Amino acid sequence: MDISEKPILILVVGPTAVGKTNLCLNLAKKFDTEIISCDSRQFYREMNLGTAKPTREELNQVPHHMINSHSIEENYDVKSFEEDALELLDQLFQKHKVVIMTGGSGLFADAVTEGMDEMPEIPAGIREEVIKEYQEKGLKFLQNEVKRLDPEYFEIVDQQNPQRLMRALEVCRGTGKTFSSFRVKSKIERPFETIKIGLNRDRDELYSRIDLRMDQMVEAGLFEEAESLFDKRHLNSLQTVGYQEIFGALEGKYDREEAIRLLKRNSRRYAKRQLTWFRRDEKIYWFHPDQEDEIIAFIENQIS
């Protein structure tokens, strides 16, 4: 089937702070359509400053979906997102020839465009053992174990997220195979075509933008937001860069200045892992965010 006969999903990915929001707003206006977020942290309505959601003004310019859609109390995983996003796309394609999806969470983007890998069932005893070891030995233990058993996955996983690390570790122990080896199946055929746009900047430029964004978040009240969520810091949704660093300060492990240094450092490291993930996908066409005219021309050429 020719690409022009199927509805089109424009997927815009890239590292944190690269400039996805602004481009997607302009693309949505250009193609008269709506935006789905595939950012695994922007789903949660209690997490605002630390997730760099579009502003209220930006949300009002174009209809957005999957932002503030869930509570941090809900256990919302990538499989649930895949199902919800496909159902949402089915509805949106009734109204629009083109729909935009954007975010920095590679696993969530892949779930919609490529389908989820079938993961093996792991005996409950192994899962309980991994959880117990994490509780006793901490995050560093998980990081070291996953790095040792599955260095390929360790390079791209959110290394501050114990849930992702524990999942990888239990699969490694339960099957004797790497978690990565279960993530290579053939693509599932979707009822839409996907045009994948990747955004990137020169490293120094990107890192400067990340540092500036962290300063702006702190100024806007990120410490106060994290403090209001402190009692729920055990929840899976809060095991993420932007909150964990401040929780450490609130626990008395270090001071505010060190928390800000860690926020910036860990956000830069997260951006590096995001790029590592996205660069594996040869179907992504890369642009600088300022190349808006070229991006639009490229999309129009792909469609026609």
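What follows is calculated from the coordinates using simple rules that are stated; it is not laboratory data. Predicted model, so just to flag it, every value in this text is computed and none were measured. Counting neighbours? That spans all protein chains shown, and the Cβs are built from the backbone with ideal geometry, glycine included.
Observations, loosely collected:
- Members of Lys20/Lys232; Lys137/Lys232; Lys53/Lys147; Lys177/Lys232 lying beyond 27 Å, as alpha-carbon distances in this model show: Lys20/Lys232; Lys53/Lys147; Lys177/Lys232
- Within the chain, helix-based [θ] at 222 nm, where runs of 4 or more DSSP H residues each add -39,500 (n - 2.57), nearest 500: -16000 deg cm²/dmol
- Within the range 228-289, chymotrypsin sites (Phe, Trp or Tyr not before Pro) in DSSP loop having at most 13 other beta-carbon neighbours inside 10 Å: Tyr254
- Summing Lys and Arg as +1 and Asp and Glu as -1 over all other residues whose Cβ lies under 15 Å from the Cβ of Gln135 gives a net charge of -1.
- Stokes-Einstein diffusion for the range 124-182, with the hydrodynamic radius set to the Kirkwood value over Cα pairs and evaluated at 37 °C in a medium of 0.692 mPa s, equals 296 µm²/s.
- Label-to-label distance, nm, for residues given as Leu250 and Glu155 (7 Å Cα→Cβ offset): 3.6
- Pairwise FRET efficiency - Asn236 versus Asp32, Cβ, R0 = 35 Å, nearest 0.05: 0.40
- Once the Cβ-Cβ distance of Arg45 and Ser304 is raised to the sixth power relative to R0 = 45 Å, the FRET efficiency obtained is 0.70.
- The range 124-182, dipole about Cα centre (Lys/Arg Cβ +1, Asp/Glu Cβ -1), debye to the nearest 20: 40
- Of the trypsin sites (Lys or Arg not before Pro) in the range 115-206, those whose Cβ has at most 12 other Cβ within 10 Å and which sit in DSSP loop: Lys185, Lys187
- Listed by chain and number, the aspartates and glutamates placed with their C-alpha closer than 16 angstrom to that of Lys6 are Asp90, Glu189, Glu193, Glu300; residues fewer than eight positions away on the same chain are left out.
- Look at the dipole of the chain built from charges on Cβ: of Val78, Ala124, Leu25, the Cα furthest out on the positive end belongs to Ala124.
- Placing +1 on the Cβ of every Lys and Arg and -1 on the Cβ of every Asp and Glu, with nothing else charged, gives the chain a dipole about its Cα centre of roughly 740 debye.
- Taking all pairs of distinct alpha-carbon atoms in the range 56-214, Kirkwood radius in angstrom: 18.5
- Model label points for Asn60 and Ser181, set 7 angstrom from Cα along the Cα-to-Cβ axis, are 5.5 nm apart.
- Between Ile188 and Tyr285, full extension at 0.36 nm per residue minus the direct alpha carbon distance yields a gain of 32.9 nm.
- Label-point separation in nm, Glu227 to Arg265, each point 7 Å along Cα→Cβ: 2.4
- Packing around the peptides 108-114, 21-27, taken as the average count of other Cβ atoms within 10 Å per residue, puts them in this order, highest first: 108-114, 21-27.
- Taking 0.36 nm per residue of separation and subtracting the current Cα-Cα distance, fully stretching the chain between Gln91 and Glu121 would add 7.5 nm.
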